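Reviewing the structure listed below.
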Amino acid sequence: MRRGRATVAIVALCALVACSGEDDYTGVGIWKFGSSTRGNVKAGRCDPTTLTDGRQATWCYLLPPYKIANRVADLSLYFLGSGDDAPLIEIQISVRGCVEDDLIAWMRGAFGTPIEERAKRAYWQNKYLWAAAFVPDDPGKCTVHFLPRSEVGEISRLHGL
């Protein structure tokens with residue numbers, strides 16, 4: 001019976017963090033780097049934005065929230081460009097009422113040991129994505145950024161914050 005519960009827990013975690021089938025995650029929930037595009041967004045609001053490096057992008061927000069680390073998390077998505085075929089380049093999760101230890105435990109459960117830890121920050125990486133957890137980012141709020149590893153400039157910027 002324990003094996004059955006463990007399998008259910010693994011399937012639930014994979015559904016939330018988008019398993020690739022190779023024990024590496026490709027995104028969060030239905031949002032996956034390499035396959036999700038701006039055209040997949042059916043809820044929320046999307047507005048044009050300019051990235052820090054000058055590239056034109058689309059920011060989608062007011063999307064259905066996720067439950068992460070026993071808290072409600074707001075989801076924002078960034079796509080490179082504005083057309084329906086614009087690829088997903090960042091998943092940003094803001095956890096309300098964040099309990100830092102719970103969020104880090106959730107990230108460790110999904111991504112394993114961080115590749116680096118600093119005061120109020122931890123970083124993970126697999127062959128598909130890079131993640132940064134800012135714990136806390138603001139009082140009572142933690143933010144986790146997920147980016148495909150091809151987003152070298154944004155990874156460098158976030159790592160340097």
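The values are calculated or read from the model by the stated rules, or taken from the named source; none is laboratory data. Nothing here was measured: the structure is a model prediction, and the numbers come from that model. Cβ placement follows ideal geometry from the backbone for every residue including glycine, while neighbour counts extend to all protein chains displayed.
Sort through Ser94, Ser150, Ser76 and tell me the only one that's in a loop (DSSP other than H, G, I, E, B), at pLDDT 90 or above and either among the basic types (Lys, Arg) or within 28 Å of Gly39 (Cβ to Cβ) (or both).
Ser150
Just to be sure, is Trp59 at pLDDT 90 or above and over 24 Å from Asn126 (Cβ atoms)? Write out each step before concluding.
On the way: at pLDDT 90 or above: yes; over 24 Å from Asn126 (Cβ atoms): yes.
So Trp59 fits the description; yes.
May I ask you to verify whether Leu62 is within 26 Å of Asp47 (Cα to Cα) and either acidic (Asp, Glu) or crowded, with 18+ Cβ neighbours inside 10 Å (or both)?
Working: within 26 Å of Asp47 (Cα to Cα): yes; either acidic (Asp, Glu) or crowded, with 18+ Cβ neighbours inside 10 Å (or both): no.
It is false that Leu62 is within 26 Å of Asp47 (Cα to Cα) and either acidic (Asp, Glu) or crowded, with 18+ Cβ neighbours inside 10 Å (or both).
Could you grab me the full set of residues in the stretch 111-131 that are crowded, with 19+ Cβ neighbours inside 10 Å and either β-branched (Val, Ile, Thr) or not in a strand (DSSP E or B) (or both)?
Our first condition is that a residue be crowded, with 19+ Cβ neighbours inside 10 Å; within the stretch 111-131, this holds for 111, 122-124, 128-131.
The answer is Phe111, Tyr128.
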